[in-house]
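Okay, so here's the structure we're looking at.
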Amino acid sequence: MRKKLCTEPNSWARFLSIVLVVVPAALWLTACAPRGKLDQPDLAAQSGTQISATFGPDGRLWRATAGVSHLFVDVSSDGGQSFGRAVAVNRQAQRIHSSNEDRPTIAVDKANRVWVSYAADAAQPATAFFSYSEDGGANFSEPMPISDQAAATRAFLAVLALDSRGGAHFFWHDERDNVNGHDHGDSLYYAGMDTPAAVTPVAKRVLRTACERCPIKVAFDGNDQPVLFSRFVFPIKERDHGLVKMTSDGKGWSSWRVTHDNWEDDTCPEHGPAFAIAADGRYHIAWFTQGKNRQGLFYAWSKDQGKHFTPHLPFGDKAALAGHPALFSQGRQVALAWQEFDGRRTQIKAMLSLDNGEHWLPPKLIAQSKGASDYPLLIGDGRRIYLSWNSSELGYRLLPVD
């Protein structure tokens, strides 16, 4: 696509391929401008629509956006109406990777320390990196690989989560244990960091049967221990969901199966779930399945730390390809969001519970776009729950779901 146009017979095809990339990129920049355009040249050429966002303890809205060769972070003090100039996390250019299921993550602790993780090519393709800022996002530490074997084996689909004390927890898919290249399921690895340091932490294996391309969702229980919800590979290649919890002494892990949809498949469906733990300890889960026992999107909750769940509640329109759920819990409120397609537009729909998942208000349309768009992301500022969403047609939007 960087070749010069010439008078060869296929020159028109090359010209059209350039137009189909450059014009949408230009439209994306135009649409984004009113909502805080990231004006670095690197971002003008980006092909994805993934923007990760979170609220800091002071109520400011932080975003992480993957450019072609840099990860950018910017912040808004007016609820997403405008953003300050974006700061490049990595000083040296890298080939950045981002997709709807393998996206950058951003988190801000109580001291307003900003943490990010992202994927970029290194010795291995799409290697997971992390960095942090201790001066309010003005400067970031030198990015470091998350995996202690990043030079030898792939480490990807990384997620970063902060506990209430500001400790950083990293989880990722790792291929170091896949010795014959034909194993079903990846290893899931973990590394923790109590205080910021620009060093790669020591990794520990959590389990061996993570579904190869499904992302990990992390929440913290009442003891401030991380709990994971994801899709795993069970016997006879069933790809159902399970929970993984750090033991109380912090030295080991326990895991158990949660869904019994019996989705038998040789390959990963690349369709991640959603997970939240409420302030009272109630677990909320949402997931997509095409199993023998049920198909579509489902929701359930547990009041005994995931040992038993309520009957599965179906939601979304299967005929409209409902999928890619998001969950957020705040006080007694729980929000669910998901993606549908009406034949012309991608639509983001949501529904809200005011009593911790016991009852639900009717679903409503929150956003829609004719262009490429991100999967829904739900975030909260302690008062309201919002949809954080980006599309090539409309640009970035922060929309309340209530």
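So here's what we get for this one:
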item: Subset of the stretch 349-385 that is among the hydrophobic types (A, V, I, L, M, F, W, C) and not in a strand (DSSP E or B) - its residue that is farthest from PRO311 (Cα to Cα); result: ALA372
item: Filter result for GLY357 (at pLDDT below 95 and touching a strand residue (DSSP E or B) at 6+ places or on another chain (Cβ under 7 Å)); result: no
item: Yes/no for VAL233 being under 17 Å from TYR189 (Cβ atoms) and either touching a helix residue (DSSP H, G or I) at 6+ places or on another chain (Cβ under 7 Å) or crowded, with 16+ Cβ neighbours inside 10 Å (or both); result: yes
item: Which numbered condition THR267 fails, given (1) hydroxyl-bearing (Ser, Thr, Tyr); (2) farther than 27 Å from GLY371 by Cα; (3) not in a loop (DSSP other than H, G, I, E, B); result: (3)
item: Residues (touching a Lys or Arg at 6+ places or on another chain (Cβ under 7 Å) and crowded, with 23+ Cβ neighbours inside 10 Å) located in the stretch 273-289; result: PRO273, ALA274, PHE275
item: Candidate set from the stretch 85-118 (those that are of a type in the set (Gly, Ala, Ser) and at pLDDT below 95); member that is surrounded by the most Cβ atoms within 10 Å (Cβ to Cβ); result: SER98
item: Candidate set from the stretch 386-402 (those that are of a type in the set (D, E, K, R) and outside any strand (DSSP E or B)); member that is farthest from GLN50 (Cα to Cα); result: ASP402
item: Every residue from the stretch 347-402 that is without any contact (Cβ under 8 Å) to a residue 40 or more places away in the chain and among the small types (Gly, Ala, Ser); result: SER353, ALA367, SER369
item: Scan of the stretch 317-348 for residues that are among the basic types (Lys, Arg), more than 29 Å from GLY281 (Cβ to Cβ) and outside any helix (DSSP H, G or I), ordered by number; result: ARG344, ARG345
item: Verdict on VAL244 being in contact with a strand residue (DSSP E or B) (Cβ under 7 Å, 6 or more places away or on another chain) and either surrounded by fewer than 22 Cβ atoms within 10 Å (Cβ to Cβ) or not aliphatic (A, V, I, L, M) (or both); result: no
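Residues are listed down the side, and each one gets a yes or a no for (1) surrounded by fewer than 21 Cβ atoms within 10 Å (Cβ to Cβ); (2) closer than 21 Å to LEU243 by Cβ; (3) touching a strand residue (DSSP E or B) at 6+ places or on another chain (Cβ under 9 Å); (4) modelled with pLDDT under 95:
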{"residue": "SER141", "(1), (2), (3), (4)": "yes, no, yes, no"}
{"residue": "ARG176", "(1), (2), (3), (4)": "yes, no, yes, yes"}
{"residue": "ASN180", "(1), (2), (3), (4)": "yes, no, no, yes"}
{"residue": "PRO196", "(1), (2), (3), (4)": "yes, no, yes, yes"}
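Rundown of residues vs (1) touching a Phe, Trp or Tyr at 6+ places or on another chain (Cβ under 6 Å); (2) under 19 Å from VAL218 (Cα atoms), yes/no style:
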position: ASN139; (1), (2): no, no
position: GLU142; (1), (2): no, no
position: LEU162; (1), (2): no, yes
position: GLY167; (1), (2): no, yes
position: ARG176; (1), (2): no, no
position: ASP186; (1), (2): no, yes
position: ASP194; (1), (2): no, yes
position: ALA198; (1), (2): no, no
position: VAL206; (1), (2): yes, yes
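The values are calculated or read from the model by the stated rules, or taken from the named source; none is laboratory data. Keep in mind that what you see is a predicted model, and the values were worked out from it rather than measured. Virtual Cβ from ideal backbone geometry, glycine too; neighbours counted across all protein chains shown.
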